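Notes for the one structure printed next.
The values are calculated or read from the model by the stated rules, or taken from the named source; none is laboratory data. This one's a predicted model, so the numbers in the text were calculated from it and none came from an experiment. Backbone-built Cβ (ideal geometry, glycine too); neighbour counts: all protein chains shown. For accessibility, only protein heavy atoms count, side chains too; no ligands or nucleic acids. Shrake-Rupley method; radii C 1.70, N 1.55, O 1.52, S 1.80 Å.
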Amino acid sequence: EGKIETNFEITYPELKVTAFEGEGTEANPYKLKTLDDLILLSDKVNGEEPTYGTNTKYARPFLGKVFRMENDIDMTGVDFTPIGIEGNSSVAKFTGTFDGKGHVIKGLKYENADKGEVGLFSQTENATITNLGIEGAHFVGNANVGGIVGRMYGGIVTNCATLNSYIEGRDYVAS
């Protein structure tokens, strides 16, 4: 009844990084160099990590902090949870600056037809996202599904593109 027993242990690879390089400022942004860095960002926004502004995980993680990609990142075959989703709920809005610096994130995949707010970022609030490419993504959600952001509350997205990707949803779908 709702239980699976196995004769082997399921293990997950550990991230090779546990903290961001940089200070999160314009002069010394947090640097995203590998898929581990991108997963770490998702984990920190989605999880029980400290947030800025209040002591609740529903606050605005990384308010005013700056992230910059240093390389293209290939997420093909990697289990990825959109930034701002925990379990099946959208719990946090990314509120910082994300500069792709002309780099591309390839192979992102998230599929849950019951979940709204699906994209690289589930939700953002007054965030700035620039110079970013998403390529070969596969996103399936309910409402508010996009390649870069599922649902945006104010902010700026500029010089960004979603290419050669599959994006599906019931309402409010965009690339």
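See the values below:
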read-out	value
Candidate set: segment 11-47, residues that are modelled with pLDDT under 80, open to solvent by 30 Å² or more (accessible area, probe 1.4 Å) and under 15 Å from Thr81 (Cα atoms); chosen: the one farthest from the chain's Cα centre (by Cα)	Tyr12
Where Ile129 falls short, out of the listed (1) open to solvent by 30 Å² or more (accessible area, probe 1.4 Å); (2) part of a strand (DSSP E or B)	(1)
Criterion violated by Asp114 - all others in (1) open to solvent by 30 Å² or more (accessible area, probe 1.4 Å); (2) touching a Lys or Arg at 6+ places or on another chain (Cβ under 6 Å) satisfied	(2)
Residues (farther than 27 Å from Gly77 by Cβ and either surrounded by 18 or more Cβ atoms within 10 Å (Cβ to Cβ) or not polar (S, T, N, Q) (or both)) located in segment 117-126	Glu125
Members of segment 91-131 that are touching a Phe, Trp or Tyr at 6+ places or on another chain (Cβ under 7 Å) and of a type in the set (A, V, I, L, M)	Val91, Ala92, Leu108, Val118, Ala127, Ile129
Segment 135-160, residues that are in contact with a Leu (Cβ under 9 Å, 6 or more places away or on another chain), in a strand (DSSP E or B) and open to solvent by 40 Å² or more (accessible area, probe 1.4 Å)	Glu135, His138, Val157
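Per-residue answers, yes or no, for (1) of a type in the set (S, T, N, Q); (2) in contact with a Cys (Cβ under 9 Å, 6 or more places away or on another chain); (3) at pLDDT 60 or above:
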| residue | (1), (2), (3) |
| --- | --- |
| Thr51 | yes, no, no |
| Asn55 | yes, no, no |
| Met69 | no, no, yes |
| Ile73 | no, no, yes |
| Gly77 | no, no, yes |
| Thr81 | yes, no, yes |
| Gly87 | no, no, no |
| Lys93 | no, no, yes |
